[in-house]
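A.B. asks: First the structure, which I've put down as structure tokens, then a few questions once you've had a look.
Read the figures in this text as sums done on the coordinates, not as results from a lab. Model, not experiment: these values are computed from the prediction. When we count neighbours, we look across all protein chains shown, and the Cβ atoms used for this are built from the backbone with ideal geometry, even at glycine.
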């Protein structure tokens, strides 16, 4: 079963620019314009709000960011919004284990790297209230909920 999931995710992570819906493309355009800057109050949610507003997306506050996408079974694409709730992540190296928890956080899928690695745009991370791009390994999620949303055109 695990082999099937890895193969499916590998196939679902390759996407060409022409497969990105215009609303998602506008969200990525917005992220590129605010990298390294503080958006609004610097809260994580402010980045999603700014991106969705810029893209003229249809959504409902506080967390109705678009069409829900199950990242384990459906294709995720740059510009998708990520709602994180009580997520514990754990990464292992030869000499250490690193764990971190995100109680409630909002981020934006910025780039697909490889099978299980993604780049996310986020702010208000470790006290830094500026937009930064960070790498996540989705295999590091040990508990909690990562809910992806596909922004919808207005």
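A.B. asks: Quick one: in segment 49-70, which of the residues that are part of a loop (DSSP other than H, G, I, E, B) and in contact with a helix residue (DSSP H, G or I) (Cβ under 7 Å, 6 or more places away or on another chain) is nearest to residue 104 (Cα to Cα)?
C.D. replies: We begin by selecting, within segment 49-70, every residue part of a loop (DSSP other than H, G, I, E, B); these are 55-56, 59, 61-63, 65-66, 70.
Of the ones still in play, those that are also in contact with a helix residue (DSSP H, G or I) (Cβ under 7 Å, 6 or more places away or on another chain) are 55, 59, 65.
On the way: 55: 24, 59: 19, 65: 15 Å.
Once the filter is applied, the top-ranked residue is 65.
A.B. asks: Is segment 121-130 home to any residue that is over 17 Å from residue 47 (Cα atoms) and surrounded by fewer than 17 Cβ atoms within 10 Å (Cβ to Cβ)? Spell out the reasoning first.
C.D. replies: Filtering segment 121-130 for residues over 17 Å from residue 47 (Cα atoms) gives none.
Among the residues of segment 121-130, not one is over 17 Å from residue 47 (Cα atoms) and surrounded by fewer than 17 Cβ atoms within 10 Å (Cβ to Cβ), which makes the answer no.
A.B. asks: Could you identify the single residue in 117, 67 that is in contact (Cβ under 8 Å) with a residue 60 or more places away in the chain, in contact with a strand residue (DSSP E or B) (Cβ under 8 Å, 6 or more places away or on another chain) and over 14 Å from residue 48 (Cβ atoms)? Before you say what the answer is, go through the steps one by one.
C.D. replies: Working: 117 fails: in contact (Cβ under 8 Å) with a residue 60 or more places away in the chain.
None of the others qualify; the one that does is 67.
A.B. asks: When the residues of segment 39-48 are narrowed to those that are part of a loop (DSSP other than H, G, I, E, B) and surrounded by fewer than 19 Cβ atoms within 10 Å (Cβ to Cβ), which ends up nearest to the chain's Cα centre (by Cα)?
C.D. replies: Taking segment 39-48 first, the residues part of a loop (DSSP other than H, G, I, E, B) are 39-43.
Those still in the list that are surrounded by fewer than 19 Cβ atoms within 10 Å (Cβ to Cβ) too: 40-43.
Details: 40: 19, 41: 20, 42: 17, 43: 15 Å.
Out of the qualifying residues, it is 43.
A.B. asks: Would you confirm whether any residue within segment 136-143 is under 15 Å from the mean Cα position of the chain (by Cα), surrounded by fewer than 16 Cβ atoms within 10 Å (Cβ to Cβ) and farther than 16 Å from residue 83 by Cβ? Give the steps one after another, and end with the answer.
C.D. replies: If we filter segment 136-143 for residues that are under 15 Å from the mean Cα position of the chain (by Cα), which is where we start, we get 136-141.
Those still in the list that are surrounded by fewer than 16 Cβ atoms within 10 Å (Cβ to Cβ) too: 137, 139.
Right, trim to farther than 16 Å from residue 83 by Cβ and you get 137, 139.
Yes, that holds for at least one residue.
A.B. asks: Checking residue 36 against (1) surrounded by 16 or more Cβ atoms within 10 Å (Cβ to Cβ); (2) in a loop (DSSP other than H, G, I, E, B); (3) in contact with a strand residue (DSSP E or B) (Cβ under 8 Å, 6 or more places away or on another chain), only one condition comes out false. Which one?
C.D. replies: Residue 36 satisfies every listed condition except (1).
A.B. asks: Then there's this: Look at residue 79 and say whether it is in contact with a helix residue (DSSP H, G or I) (Cβ under 8 Å, 6 or more places away or on another chain) and without any contact (Cβ under 8 Å) to a residue 60 or more places away in the chain.
C.D. replies: Numbers: in contact with a helix residue (DSSP H, G or I) (Cβ under 8 Å, 6 or more places away or on another chain): yes; without any contact (Cβ under 8 Å) to a residue 60 or more places away in the chain: no.
The answer is no for residue 79.
A.B. asks: Hey, can you tell me all the residues within segment 82-98 that are in contact (Cβ under 8 Å) with a residue 24 or more places away in the chain and more than 18 Å from residue 66 (Cβ to Cβ)?
C.D. replies: Going through segment 82-98, the residues in contact (Cβ under 8 Å) with a residue 24 or more places away in the chain turn out to be 82-91.
Of everything in segment 82-98, those that are in contact (Cβ under 8 Å) with a residue 24 or more places away in the chain and more than 18 Å from residue 66 (Cβ to Cβ) turn out to be 86, 87, 88, 89, 90, 91.
A.B. asks: Another question about this same structure. Which residues, taken from segment 74-112, are closer than 19 Å to residue 133 by Cβ, over 12 Å from the mean Cα position of the chain (by Cα) and surrounded by 13 or more Cβ atoms within 10 Å (Cβ to Cβ)?
C.D. replies: Of everything in segment 74-112, those that are closer than 19 Å to residue 133 by Cβ, over 12 Å from the mean Cα position of the chain (by Cα) and surrounded by 13 or more Cβ atoms within 10 Å (Cβ to Cβ) turn out to be 87, 89, 91, 102.
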